[in-house]
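Heads up, the thing below is written out as C-alpha cells.
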Amino acid sequence: MLKGHLDMIVLAALSAGSAHGYAIIEEIRRRSRGAFDLPEGTIYPALHRLEQAGLLASRWVTAESGRRRRVYALTRRGNRALAERRAVWEQFSGAIGDMLGGARPCTTPT
Amino acid sequence: MHDSDLISGYVDKLARELEFDRSLSVCVRQEVDDHLWEAVAADPRDGPLEAQRRAIVNFGDPHVIATQFAVVSLAKHSRRAGVTAILGIAGVFIAMKMRVAWYAATQWAICDDMKEMSGIVLSIDRYAFWLAFIAGLAGWAYISSCRTPAVFHPVYRRQVRRFFLLCTAAAAALFMSVLSDGVLTAIQLFETDLSVRFLVPILSMAIEIACAGALAWHVRNVTRRVASTAALLRT
C-alpha cells in the first residue's frame, strides 16, 4: 500500500526544503513517527523518476564529510503536484473515515 | 576486514547491476556511497563494521533496486528517442530546404531528360517525409504523455512497444526520404562539373544522413534497454 503512495510521501518530505536521500528518509520516518520504514534503497529510483517527471530538481554539493552529495528540491511543478495529490488524498481519507466511523448499519428491524 | 570493504563491495555490486546505463551507474554509486556512510555515522552502537552491515541490510537488495532503476532508465531513453525523432526530422527538413534554396540561388537547374525521373523520386520523398513527420510526432507525443511507473508492468511494456513501433516507422520513413534526397541530389549533380558549389548539396546530405542515423541509433538503444530491463526482471 505504501508503494502506491511513495511519490506523494517523497514530495511531502521535500516540502519543508531541499534535502539529500538519507535526510529524506529520516524526514519520512520522523513525520510518520516510524510508521513508514521503507527499504532505504527504494527511495532513489523514486527520486530519479520524480526528477525525470520535472517534479524535483537536483544539484550536487560537497558535504562536510568531503563526499559528493546530491540534493533534491521540489520544483514549482512538484509543488503543484503535491497540492493536487494532497487534495485528492484528503478527499479520499475523509470518505474512508466517514465509511469506517459513520453510522453503524442497522441490524434489527425498526 | 577493512572498514570500507562492506560498503565498497555493496556499491560495486549495485554499480555492476546498473551497467546497462553507465552514467546512471556512476551517479547512483556516488549517491548510495554517501547514503551508506551517513547511515554508518548515525549508528555508533556496536562498531563500524556492524553499522555497515545494518546500513546495507536497510538499503535493500541491489538487484531489486537495479530493476527499479531500469524502468527509470528505459523511460529516460525512450523520451530521449522521442525528442531525437522530432529533432532528426526537423534537421532533415532544414537540410532539404537549405539545398533547395541553394539550387535556386545559384540557378542550378536539373537537366531536361532527368526531370521525369526526379518528379517520381520527389513524390516518394514527400510521402516518406510526411509519414516520418507524423509517426515521429505521434511517437514523441505518446511517450511524453506516459507516466513512468515504479515497476515494469505489462501496461508500460505495451506503451513502450507502441512507441517503439511509431519510432521505427518514423526512422524507416526518414531513411526512405533521405535515400530519395540522395537520388535527387545525384540527379542534380549529374553532368555538372565538380566545383565549390557542390559543397552545399553534399554537406546537406551529410546532415540528413547524420539525423536519420541518430534516430536509428536511439531506436536501437530503446530496444536494447527493453531487453536489459526484461532480463533483469527474469533473474
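Just so it is clear, none of the values below were taken in a lab; they were calculated from the coordinates. Every value quoted in this text rests on a predicted model; they were computed, and no experiment measured them. When we count neighbours, we look across all protein chains shown, and the Cβ atoms used for this are built from the backbone with ideal geometry, even at glycine.
Values for this structure:
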| read-out | value |
| --- | --- |
| Some residue of segment B:21-41 being at the interface with chain A (Cβ under 8 Å from one of its Cβ atoms), more than 29 Å from A:Gly54 (Cα to Cα) and surrounded by fewer than 20 Cβ atoms within 10 Å (Cβ to Cβ) | yes |
| Residue, farthest from the other protein chains (Cβ to nearest Cβ), within segment B:5-20, restricted to residues that are out of contact with any Phe, Trp or Tyr (no Cβ under 9 Å at 6 or more places or on another chain) and over 22 Å from B:Val72 (Cα atoms) | B:Asp5 |
| Segment B:186-222 - residue that is in contact with a His (Cβ under 9 Å, 6 or more places away or on another chain) and over 19 Å from B:Val92 (Cα atoms) and, of those, surrounded by the most Cβ atoms within 10 Å (Cβ to Cβ) | B:Val222 |
| Hits in segment A:49-79 - residues which are in a strand (DSSP E or B) and surrounded by fewer than 13 Cβ atoms within 10 Å (Cβ to Cβ) | A:Arg59, A:Trp60, A:Val61, A:Thr62 |
| Test result for A:Leu38, in a loop (DSSP other than H, G, I, E, B), within 13 Å of chain B (Cβ to nearest Cβ) and of a type outside the set (Gly, Ala, Ser) | yes |
| Where B:Pro62 falls short, out of the listed (1) away from every other protein chain (no Cβ under 14 Å); (2) touching an Asp or Glu at 6+ places or on another chain (Cβ under 6 Å); (3) more than 30 Å from B:Ser144 (Cβ to Cβ) | (1) |
| Within segment B:168-185, tally of residues that are surrounded by fewer than 24 Cβ atoms within 10 Å (Cβ to Cβ) and small (Gly, Ala, Ser) | 5 |
| Residues satisfying the stated conditions in segment A:44-65, i.e. farther than 22 Å from B:Phe59 by Cα and within 10 Å of chain B (Cβ to nearest Cβ) | A:Gln52, A:Ala53 |
| Matching residues, segment A:8-22, being surrounded by 19 or more Cβ atoms within 10 Å (Cβ to Cβ) and within 13 Å of chain B (Cβ to nearest Cβ) | A:Ile9, A:Val10, A:His20, A:Gly21, A:Tyr22 |
| Among the residues listed as B:Val121, B:Val57, B:Val83, the single one being touching a residue at least 40 places away in the same chain (Cβ under 8 Å), in a helix (DSSP H, G or I), within 14 Å of another protein chain (Cβ to nearest Cβ) and on the phi < 0 side of the Ramachandran plot | B:Val83 |
| Segment B:143-164 residues that are more than 12 Å from every other protein chain (Cβ to nearest Cβ) and closer than 22 Å to B:Leu215 by Cα, paired with ones that are basic (Lys, Arg) and surrounded by 19 or more Cβ atoms within 10 Å (Cβ to Cβ) (beta carbon under 9 Å, 6 or more apart) | B:Val160/B:Arg225 |
| Within segment B:1-20, considering residues that are within 30 Å of the chain's Cα centre (by Cα) and not in a helix (DSSP H, G or I), the one surrounded by the fewest Cβ atoms within 10 Å (Cβ to Cβ) | B:Glu19 |
| Test: residue in segment B:109-118 that is hydroxyl-bearing (Ser, Thr, Tyr), more than 14 Å from chain A (Cβ to nearest Cβ), in contact (Cβ under 8 Å) with a residue 12 or more places away in the chain and outside any helix (DSSP H, G or I) | no |
